[in-house]
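So the structure is just underneath, and the comments pick up after that.
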Amino acid sequence: MPDHAGAFLRASRCIAALGINITRVSYNKAIDLYTLFIEVDGNEEQLKKADEKLAEAGYLSGAASDPRVVLLEFRLKDVPGSVTSVLELINEFHFNISYMSSQENGTAYQFFRMGLFVGNRDDIDRFISRASEICSVRMIDYSHTEKNFDNSIFYNSFASGLSDAMDLTGDTARELMINVNLAMQTLDDRDLSPYMTFDCISHFADLLAKNRGDSFAPRITVSTITPNTSVTVIEPPCGSNTMILQSMGSYLFIDTGYACYRDEMMQVFRKLLPDFDAMNKQALITHADVDHCGLLNLFDTIYMSQKSRDSLKLEYEGKSDFRERNQLHAPYIHICKILTYYHPVSPDRMKVICDGVMENGDPLVFAGYFDFGELHFEIYEGAGGHLPGEILLIDYAHRIAFPGDIYINISGLTPQQAEYNNYAPILMTSVDTDPVLASAERRAFLGRIGEGSWSIFGSHGLKKEYNVRRES
């Protein structure tokens, strides 16, 4: 929007005249001088007309423009009025100044730094050529993380940086920008610093990006359950583990991690299982979070609870899934889906193994059985402390369990996993839908396993060796 008094009023009148209702507004001049977020509720015709009217009023930047702030340093004689000719040239080019800094230094010259908001990259070259006739000029490279020279286009530059880090297409930058703002506004309403939000999202994207390609180095461990059964745990730096359960010559993948590591994980799968491409592929998800479901499109059959299927089906239909229905979680989940190239899986591949249990107040409820090879699992469904539809598997005969995120080995995380796990609780306020209930589920799970030495394969971190002693 233009930087003048009454700008929001004019936009509001335009929107109201079309019968459109404003549902969300976000603006913080300290973060971004020009960007105002307005979410509205209207039909397609109304929205199209609003775009036209706002664009006519100069409110919506065109796709052809490439606004940015350029930091220039002018070497000016330290005499009265020396900066006036530079300001007149800036005014001639219709540049806006977002940053200025200068101070006399005891010499015959002052070094005057200005951040100029530039709508067209070609203009800056012509400007520098003209300014060089007045004084010596140099362009300065800078990092916006050191000082915020470019707060007038912060959201554009921030979203562009994330898109570049993850090789995203231009079509996703706008959606990413909106959800970054929504995450900021959601946490700002809870009195958290806006810049903490941006910092966490930036570090999250950097962590995803720097662990791709040749830098992708998951920890892989193999546990022998019986001579005919084993569990291979693949721990990527970000996202859930992928566990390969092998029994009697058949394979079952439990949880699948982030979609952004598809190529890297395919190399791992093919190395571990040379016939991977040709085999009938089966997977099971403990719950329907984006970091567990990223590779589901690789599999022919996917086992899950009824509620997980309901959530994934909503997502496939373009509707909000169970996690996104939580307003505190939705912005982060949307950002995750964009940054990790997530694509919903078709419901045709989903197979329900427990139909949903009657809620009776218990944190964990028996939901059925699941057999695989020589293993016989009891299925327990959580009450939704972490996410509705969460299930865990327990094989009492072999003392192994797959509890998903209901119970993970915190002390067994790699440094990268521990860093990754820091960001979601900040950006979502909690990874759990109901933290108190999630804690009760963990206690109920530990109360379900019997005496003896157990191998617990949580969806994050190493296998946990857990010993339950008989009470005397």
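Adding -39500 (n - 2.57) for every DSSP H run of four residues or longer, then dividing by how many residues the chain holds, sets the calculated 222 nm ellipticity at -10000 deg cm²/dmol. Cross-link check: pairs K29/K319; K29/K49; K210/K337; K313/K351 evaluated at a Cα-Cα cut-off of 23 Å; pairs beyond the cut-off: K29/K319; K29/K49. Between A367 and I379, Y380, E381, the built amide H atoms are under 5 Å apart, and every one of these is 5 or more places off in sequence or on another chain. Taking amide H atoms as placed 1.01 Å from N in the peptide plane, the amide H of R219 lies under 5 Å from those of E235, each 5 or more residues away in sequence or on another chain. Report the net charge of residues surrounding G382, where surrounding means a beta-carbon distance below 9 angstrom and charges are Lys +1, Arg +1, Asp -1, Glu -1. For residues surrounding G382, the net value is -3. Ordered from longest to shortest, the equivalent ellipsoid semi-axes for the stretch 154-210 are 20, 13, 8 Å, each the square root of 5 times a Cα gyration tensor eigenvalue.
Measuring r between the beta carbons of M266 and S411 and using R0 = 30 Å, the FRET efficiency lands at 0.50. For the stretch 301-310, backbone phi angles converted through the Karplus equation (6.51, -1.76, 1.60; θ = phi - 60°) give residue-by-residue couplings of 10, 10, 8, 6, 7, 4, 5, 5, 4, 4 Hz, Gly and Pro being listed as x. Sequence-distant contacts, meaning Cα pairs under 8 Å at least 6 residues apart, place the relative contact order of the stretch 7-56 at 39 percent. Tilt of helix 121-131 relative to the longest C-alpha principal axis of the chain, in degrees (0 to 90, nearest 10)? That helix lies at roughly 30 degrees to the long axis.
What is the percent of Cα-Cα separations in the stretch 7-56 that go past 18 Å? Value for the stretch 7-56 (Cα pairs over 18 Å): 28 percent. Farthest towards the positive end of the charge dipole of the chain, among the residues A217, Y251, P363, is the Cα of A217, using unit charges on the Cβ of Lys, Arg, Asp and Glu. Report, as a whole number in µm² per second, the diffusion coefficient that Stokes-Einstein gives for the stretch 68-140 at 25 °C and 0.890 mPa s using the Kirkwood radius over alpha carbon pairs. Roughly 198 µm²/s, to the nearest whole number. Placing +1 on each Lys and Arg Cβ and -1 on each Asp and Glu Cβ, with no other charges, gives the stretch 349-469 a dipole about its Cα centre of roughly 320 debye. Normalised by 2.2 N^0.38 Å, where N counts its residues, the alpha-carbon radius of gyration of the chain equals 1.21.
Between I22 and I97, the contour length at 0.36 nm per residue exceeds the alpha carbon distance by 23.9 nm. In sequence order, the stretch 219-235 has phi-based couplings of 7, 10, 10, 10, 10, 8, 8, 9, x, 10, 9, 8, 10, 9, 10, 10, 10 Hz under the Karplus curve 6.51 cos²θ - 1.76 cosθ + 1.60, θ = phi - 60°, and Gly or Pro positions carry x. Given +1 at the Cβ of Lys and Arg, -1 at the Cβ of Asp and Glu and no other charges, the dipole of the stretch 154-210 around its Cα centre is 40 debye to the nearest 20.
For V118, the residues whose amide H sits under 5 Å from its own are R68, V69, V70, ignoring neighbours fewer than 5 places away on the same chain, with H placed 1.01 Å from N. Excluding same-chain neighbours fewer than eight residues apart, the aspartates and glutamates reachable from K48 by a Cα-Cα span under 19 Å are E39, E56, D171, E175. Stretching the chain fully between S346 and D41 yields a gain of 106.9 nm (0.36 nm per residue, less the alpha carbon separation). Across the stretch 157-167, computed HN-Hα scalar couplings (Karplus, 6.51 cos²θ - 1.76 cosθ + 1.60, θ = phi - 60°) run 5, 5, 5, 5, x, 5, 4, 5, 4, 10, 6 Hz from first to last residue, x flagging Gly and Pro.
Taken together, the values in this text are just the output of simple stated rules run on the coordinates, not laboratory data. On a predicted model such as this, the values are computed, not experimentally measured, just so you know. Neighbour counts are summed over all protein chains in view; Cβ atoms, including those assigned to glycine, are modelled from backbone coordinates with ideal geometry.
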